[in-house]
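The values are calculated or read from the model by the stated rules, or taken from the named source; none is laboratory data. Source: prediction; values computed, not measured. For neighbour counting, all protein chains shown are included, and Cβ atoms are generated from backbone atoms with ideal geometry for every residue, glycine included. Side chains included, ligands, DNA and RNA excluded: accessible areas come from the protein's heavy atoms. Shrake-Rupley method; radii C 1.70, N 1.55, O 1.52, S 1.80 Å.
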Amino acid sequence: MKDFIIHKAGSRGHAENEWLSSYQTFSFSRYYHPERIQFGALRVLNDDTVAGGKGFGSHPHDNMEIISIPLEGALEHRDNLGNTGIIRKGDIQVMTTGTGVFHSEVNADPEQPVKFLQIWIFPKQLNVKPRYEQITLDRVHQVNQLQQIVSPYPEEEGCQINQDAWFSMGTFERSKTARYNARITNNGLYFFVINGSFNIEGQKLDSRDGMGIPECGPVNIEALEDNSTILIMDIPMKVDQQNM
Amino acid sequence: MEQLKILAAGKNKDIMTVIDRLINTHENWSGVTVTTTEEAIDTAKEARYDLLLICAGLSSVEEKELTEELHTLQPNLRVMRHYGGGSGLLESEIQSYLKTI
């Protein structure tokens, strides 16, 4: 393994108001850290908690792939393309925002908070037609193994995004291992521990820690405690974009 | 601190309305948003800008022609692409720009 970067959970940016608590691995909104701008095409990794009945009102996005992964609770989506839906733990939501979309994401439960990861990836192609997709995973396939949840191709498992990026998730018992290799040359790997702790190539990562490896061969991960969940993002390190 | 003068060009009128609000409510920024390259060129003939923000919808040809034309009018104008179409990245994009000058 050549090089890596670790983003400890406690080092992330944090924004809080009466309805939102957001921990930000990379610079976002009013959090700016010149060494925390992006990891290749991975630009935003926000760990958000939204109070019951509250949420993000209608607002725009363009030219970004936005992936939402609920961790607890229920999130209600509406957009100006006519899409509506509620996503819960085990679901994945993807928006290709392209030429522009307005959407809202609101906690569907009036009482309980919703927790979710909000991930933004720079697109491969600019100014494409906006697109929305949500899927429900069979989480049986995440037990002690990695399940692919996002890919660039509709024929592959998971939601489709407009970038040469693949996401996988798995929940492991203590001492269980897995091995992951980037799908294409020049992709790097970003590991984000959702729960528990992992040993990744000799580095211990705890809950909500992140680790990026820009250039690597196969990477071994080992769960250090039961019910440890990890998200692996296989990301282009160079953002070459085609304008449509 | 002198305000950063921003000219933002993109084709989605609704999004550009939001971008306009974000730029002009920021204490250190001011600017104009336009939805055509012609409007951008006319605007650049009227006032000096520090930064051209390329927003969604311009084709690669339009983007190239606009950049070339504006550099003829204002050689020191810096050009940056805005991603995300909202408040999420605008602040850090501008902060990154300011680090380069």
(request) Just one of (1) farther than 30 Å from B:Ser60 by Cα; (2) assigned by TED's automatic domain parsing to the domain that holds A:Pro214 trips up A:Ala165, so point out which. (result) (1)
(message) Can you pull out every residue in the range A:74-95 that is open to solvent by less than 40 Å² (accessible area, probe 1.4 Å) and either in contact with a His (Cβ under 8 Å, 6 or more places away or on another chain) or part of a loop (DSSP other than H, G, I, E, B) (or both)?
(response) A:His77, A:Asp79, A:Gly85, A:Ile87, A:Gly90, A:Gln93, A:Met95
(message) Show the residue pairs meeting these rules: Cβ distance below 6 Å; 6+ apart or different chains; first residue within the range B:8-26 and surrounded by 13 or more Cβ atoms within 10 Å (Cβ to Cβ); second residue part of a helix (DSSP H, G or I) and β-branched (Val, Ile, Thr).
(response) B:Ala8/B:Ile19
(message) What's the total number of residues in the range A:211-244 that are assigned to a strand (DSSP E or B), modelled with pLDDT of 95 or more and closer than 22 Å to A:Pro152 by Cβ?
(response) 10
(request) Just give me the residues in the range A:109-126 being open to solvent by 20 Å² or more (accessible area, probe 1.4 Å) and more than 18 Å from the chain's Cα centre (by Cα), in sequence order. (result) A:Asp109, A:Pro110, A:Glu111, A:Gln112, A:Pro113, A:Gln125
(request) Please state which of the following conditions A:Gly98 fails to meet, knowing it meets all the rest: (1) more than 12 Å from every other protein chain (Cβ to nearest Cβ); (2) small (Gly, Ala, Ser); (3) open to solvent by less than 10 Å² (accessible area, probe 1.4 Å); (4) in contact (Cβ under 8 Å) with a residue 60 or more places away in the chain. (result) (1)
(request) State which residue is surrounded by the fewest Cβ atoms within 10 Å (Cβ to Cβ) when the search covers only the range B:27-53 and only residues that are among the polar types (S, T, N, Q) and in a loop (DSSP other than H, G, I, E, B). (result) B:Asn28
